[in-house]
Amino acid sequence: MLLFYRPTALEAWVVQFYRRLRIEQPEDLAETEIAHSLNIYLSYRDVPSLSYEMGRFKSITIDSRMPSQVQREHFFHELCHLLRHAGRQSMMPAAFRELQERDAHHFTRYAALPLHMLLSFDFRDPGIIENLTERFRVTPELCQKRLEKIRHSLQCGNCGSMS
């Protein structure tokens, strides 16, 4: 299915980023290992998820009250902010904040279900959503959205989509 698929620029960036970290299999997508390799302090607390950067210190706090699959998705969202964004969202114009949130949303989908790891899956399998959910340890909703975007891109010939 993915033979004719052209990844977005962000999607290709995520694949290259993971390859530099030698992340090749779903089992390699360990939040603690990723954070450690990037010198990011990772904690789980009874507070809303957030990322923080001050000088060289970087941290991600994940809301421990969430189900583990949602925690994982929050990790990728916050990771995007540290890797790709600058500035304090509370002090920036709403349009710029929305742009960063949209980027983090797309990044989460690509980072949680990276293209180079999807190549070995049979997208025609009726149990593909359940299979992806189990292997990548994310919500079925995220898997569904990821597959819908891939299918849509293939149907419209990649339409020049930036998302």
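One residue stands out among those in the range 11-32 that are in contact with a Phe, Trp or Tyr (Cβ under 7 Å, 6 or more places away or on another chain) and among the acidic types (Asp, Glu): the one that is farthest from Ser153 (Cα to Cα), which is Glu31.
Being at pLDDT below 95, of a type in the set (Phe, Trp, Tyr) and either open to solvent by 40 Å² or more (accessible area, probe 1.4 Å) or touching a helix residue (DSSP H, G or I) at 6+ places or on another chain (Cβ under 7 Å) (or both), is that true of even one residue in the range 82-97? Checking the range 82-97: at least one residue is at pLDDT below 95, of a type in the set (Phe, Trp, Tyr) and either open to solvent by 40 Å² or more (accessible area, probe 1.4 Å) or touching a helix residue (DSSP H, G or I) at 6+ places or on another chain (Cβ under 7 Å) (or both).
Take the conditions open to solvent by less than 60 Å² (accessible area, probe 1.4 Å) and not in a helix (DSSP H, G or I) and apply them to Leu42. Does it pass? Considered against the rule, which asks whether it is open to solvent by less than 60 Å² (accessible area, probe 1.4 Å) and not in a helix (DSSP H, G or I), Leu42 comes out as yes.
Applying the selection to the range 114-149, what residues are farther than 19 Å from Pro7 by Cβ, over 17 Å from the mean Cα position of the chain (by Cα) and open to solvent by 50 Å² or more (accessible area, probe 1.4 Å)? Those that are farther than 19 Å from Pro7 by Cβ, over 17 Å from the mean Cα position of the chain (by Cα) and open to solvent by 50 Å² or more (accessible area, probe 1.4 Å): Asp122, Arg124, Asp125, Pro126, Glu130, Asn131. Determine whether Tyr18 is under 22 Å from Glu101 (Cα atoms), in a helix (DSSP H, G or I) and modelled with pLDDT of 95 or more. Answer is yes for this residue.
Cβ-Cβ distances below 6 Å connect the following pairs, each with a first residue in the range 17-28 that is closer than 15 Å to Phe136 by Cα, a second residue that is open to solvent by less than 10 Å² (accessible area, probe 1.4 Å), and a separation of six or more residues or different chains: Tyr18/Pro114; Pro26/Met117; Pro26/Phe136. The sole residue among Arg45, Arg20 that is of a type in the set (Lys, Arg) and within 17 Å of the chain's Cα centre (by Cα) is Arg20. In the set Arg72, Arg109, Arg146, Arg65, only one residue is outside any helix (DSSP H, G or I), at pLDDT 90 or above and charged (D, E, K, R); that residue is Arg65. Selection within the range 1-16: residues that are among the hydrophobic types (A, V, I, L, M, F, W, C) and open to solvent by 90 Å² or more (accessible area, probe 1.4 Å). The member of this set that is nearest to Phe136 (Cα to Cα) is Met1.
The values are calculated or read from the model by the stated rules, or taken from the named source; none is laboratory data. On a predicted model such as this, the values are computed, not experimentally measured, just so you know. Neighbour counts run over all protein chains shown; Cβ positions are idealised from the backbone, glycine included. All accessible areas refer to the heavy atoms of the entire protein, side chains included, with ligands and DNA or RNA removed. Shrake-Rupley method; radii C 1.70, N 1.55, O 1.52, S 1.80 Å.
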